[in-house]
Amino acid sequence: MTDEERDARARALAGAKEREEADRRRAEIESKLRAEREARDKIEREAAEARKREEDARRAADAETKRRSEEEAKRRLAGGGPPTPSPSTGVRRPAGAGQATTGAGAGAADPRSAAPGVRRPLAPTKVAMPTPRPSRTGEAKNRGRLTVTSATSEEEDRTRSVASFRRRVQRLKGGQSEQKERLVREVTLPETITIQELANRMSERAVDVIRLLMKQGQMVKITDTIDADTAELIATEMGHTVKRVAESDVEEGLFDAPDEEGAGQPRPPVVTIMGHVDHGKTSLLDALRQANVVSGEAGGITQHIGAYQVESPLGGKITFIDTPGHAAFTAMRARGAKVTDIVVLVVAADDGVMPQTIEAINHAKAAGVPIIVAINKIDKPDAKPERVRSELLQYEVQVESMGGDTLEIEVSATKKTNLDKLLETIALQAEVLDLKANPDRPAEGTVIEARLDRGRGPVATVLVQRGTLRTGDIVVAGSQWGKVRALVDDKGKNVAEAPPSFPVEVLGFAGAPEAGDRVAVVESEARAREIADYRERQRRDKLAARGAVRGSLEQMMSQLKTAGRKEFPLLIKGDVQGSVEAIVAALEKMGTDEVIARVIHSGVGGISESDITLAEASGAAVIGFNVRAHKEAAAAAKRNGIEIRYYNIIYDLVDDVKKAMSGLLAPTLRETMLGNALILEVFNISKVGKVAGCRVTDGTVERGANVRLIRDNVVVHEGKLSTLKRFKDEVKEVQSGQECGMAFESYQDMRAGDVIECYRVEEVKRSL
């Protein structure tokens, strides 16, 4: 096995061991938690069973006590026989007691004066009820609540509830409840805010805010949005202070925060390789980093920006950014020049200065960065380095050998000639620039490229410019945000952090950011989400404004002019964002007043089934650039008869679209003059109509050709010949100087002396 395979196998084994250890620890924790939970449940069950047993015993004792009391009362009532009412007092007495008390007089009425042996009348007996026992924990919750069971039960008397007692106290106080102390807050108000959010920021109830708005005549819901003026009025009325902020303030302090004095440390220079297509830029970079990059690119053309680091012979590192050289990638080259410190302009010694070379010079000058000219391919027999030096003078690039201040090196990427000298020159130029950055601060950088990887999700190539980017940081790039899950360097290895001038692939974004977006680390997910939402709203507003109807007269006229323009709808999916941008920009430039390419959707990633559905609905052609359709999408395209075209070289794509758009152009009509004839006399023939007797004065006259009837130098009719006769025979054409008979289709007003002009109309196809 190779070293890479052994390393991969070792990493896989280590990862498997780590996963097994993590699974074992997780299983131990889960079993411990399960045992604790089961023990807790068992204790609770036992306590519940004990409470139930106590409750059953108490109820049985109460029932037994009640039963005994009732039996005792019945026994006492039944012991003296049936009582009879007394005629004098109305008191019930036992039978047989009247004879003993007839002579008692007035004293008989007093029970206390009754003779011995006489039974006293029985008083009403009150059944003794057991003293209610203190309620258990389960009954304490139900105390004071009126239920059917408690209303019909005689076990205990109902008492006043706590709420009832509080209401009575409030009534006695005159209905004055205790006022809660109000909190006065400083409420931060953006340009628009929802009612729910406003209530939360004021620590008020949303219903109170809605009530105030209803008093002002606004019928709103809790999710409705109000403007800052209305929100300020509400907050002021509720006793709070207000701080107004603009929506763009969410980005305040995000970029370009000043560093402390002396915090900067030397950083590697960022070098951009620029030049014309096929002048050897990627081959030169390939030779510098000792890795084969060119073989993986279609047609030897770099399709998107790559960023790499190499070691300098003088020590230290140099970061290289390779930009595509094709004309369609102008925007990508411009982005490369924005993040760079030094531009290496590669010019082929056998080809000289070309259009994209001039463009690269302009980009470098616009960015205000120094240029180092690398004259490549000096090993070729027709190489002329002096020609390159003299041609550069036309564009205000004067090299040192010709008395200027621009460094130049003659190199050969294939023979690896003077590569060390080129690296030394870059290091010396960087030393002059004195490049510094503070690594001990939140990272800032720029997205060099972004793409959707099927296995890893959105992947952004980021060049860190200030600070240090670490795994776990929360980052924002354009309208996308995420938490850094992994950082991968240019050799495919995972790194824990990326210092200034270090290019890394960042995994963890929610979606693919735009190439050229600035990246910043923020302190919290809430801030990241707020910034991303604001930028997404800004992007939508710009798109809406771009598609909105313009109001000026000039714009209205331009719309009328383009109202009849034919459109060629396209759906484009690419591997990286920069390539998609470049394709869309190139297609937009091809439009004319008659036909235009309309990109209904463009994005990064494979062609999905929803893309096919959109293409079918809009009648668009589907183009995949370095991507392929998913299995479901390919089946849907075949089922619906939609062709998917795949490309890996951008100018092949542009050429094919240009040919297809040329087919939408209306052909040009070209007239070819055939000849003229003079009408000598007009004959009226029955069943045929009028026939003109003519003499061909010049050229020829053909049957079926287009003709014009000219009278006094004015065209009075245009049409076609229906009849062309010579003598009595129908002929195909008549030469100059001969006489013939002519009849027009659906036209009879011919006069002697009129001139007939005969011509042929040809359609000529047009192309863009």
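Okay, here's what the table says:
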read-out	value
Pair list, Cβ < 6 Å and 6+ apart or interchain, from the stretch 66-79 residues that are polar (S, T, N, Q) to residues that are surrounded by 11 or more Cβ atoms within 10 Å (Cβ to Cβ)	Ser69/Ala128
Close pairs from the stretch 430-444: first closer than 17 Å to Pro370 by Cα, partner among the acidic types (Asp, Glu) and open to solvent by less than 60 Å² (accessible area, probe 1.4 Å), Cβ under 9 Å, at least 6 apart	Ala430/Asp341; Leu433/Asp341; Leu435/Asp341
The stretch 471-500: number of residues that are under 17 Å from the mean Cα position of the chain (by Cα) and part of a loop (DSSP other than H, G, I, E, B)	2
Some residue of the stretch 178-189 being surrounded by fewer than 12 Cβ atoms within 10 Å (Cβ to Cβ), of a type in the set (Val, Ile, Thr) and either in a helix (DSSP H, G or I) or at pLDDT 80 or above (or both)	yes
Criterion: open to solvent by 20 Å² or more (accessible area, probe 1.4 Å), over 18 Å from Val369 (Cα atoms) and touching a Lys or Arg at 6+ places or on another chain (Cβ under 8 Å) - qualifying residue of Arg470, Arg454, Arg466	Arg466
Residue in the stretch 436-443 that is farther than 19 Å from Ala257 by Cα and open to solvent by 10 Å² or more (accessible area, probe 1.4 Å) present	no
Count of the stretch 387-425 residues which are outside any strand (DSSP E or B), aliphatic (A, V, I, L, M) and closer than 20 Å to Ala366 by Cα	3
Contacts under 7 angstrom Cβ, first residue in the stretch 626-640 being open to solvent by 50 Å² or more (accessible area, probe 1.4 Å), partner part of a loop (DSSP other than H, G, I, E, B), 6 or more apart	Asn626/Gln303; Asn626/Asp575; Asn626/Asn648; Arg628/Gly606; His630/Gly606; His630/Ser608
Of the criteria (1) under 24 Å from Asn626 (Cβ atoms); (2) modelled with pLDDT of 90 or more; (3) open to solvent by 20 Å² or more (accessible area, probe 1.4 Å), which one Val506 fails	(3)
Arg211 open to solvent by 60 Å² or more (accessible area, probe 1.4 Å), part of a helix (DSSP H, G or I) and in contact with a Ser or Thr (Cβ under 9 Å, 6 or more places away or on another chain)	no
Gly606 in contact with a His (Cβ under 6 Å, 6 or more places away or on another chain) and either polar (S, T, N, Q) or modelled with pLDDT of 85 or more (or both)	yes
The stretch 456-481 residues that are farther than 22 Å from Glu251 by Cβ, paired with ones that are open to solvent by less than 10 Å² (accessible area, probe 1.4 Å) and among the basic types (Lys, Arg) (beta carbon under 7 Å, 6 or more apart)	none
So Gly478, is it out of contact with any His (no Cβ under 8 Å at 6 or more places or on another chain), of a type in the set (Gly, Ala, Ser), open to solvent by less than 40 Å² (accessible area, probe 1.4 Å) and modelled with pLDDT of 90 or more	no
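So that you can scan it fast, the table gives a plain yes or no per residue for (1) at pLDDT 85 or above; (2) open to solvent by 50 Å² or more (accessible area, probe 1.4 Å):
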site: Glu643; (1), (2): yes, yes
site: Ala666; (1), (2): no, no
site: Leu669; (1), (2): no, yes
site: Ala677; (1), (2): yes, no
site: Asn684; (1), (2): yes, yes
site: Arg708; (1), (2): yes, no
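The values are calculated or read from the model by the stated rules, or taken from the named source; none is laboratory data. Please read these numbers as outputs of a predicted model, since none were measured by experiment. Ideal geometry is used to build each Cβ from the backbone, glycine not excepted, and the neighbour counts take in all protein chains shown. Only protein heavy atoms, including side chains, enter the accessible area calculation; ligands, DNA and RNA are left aside. Shrake-Rupley method; radii C 1.70, N 1.55, O 1.52, S 1.80 Å.
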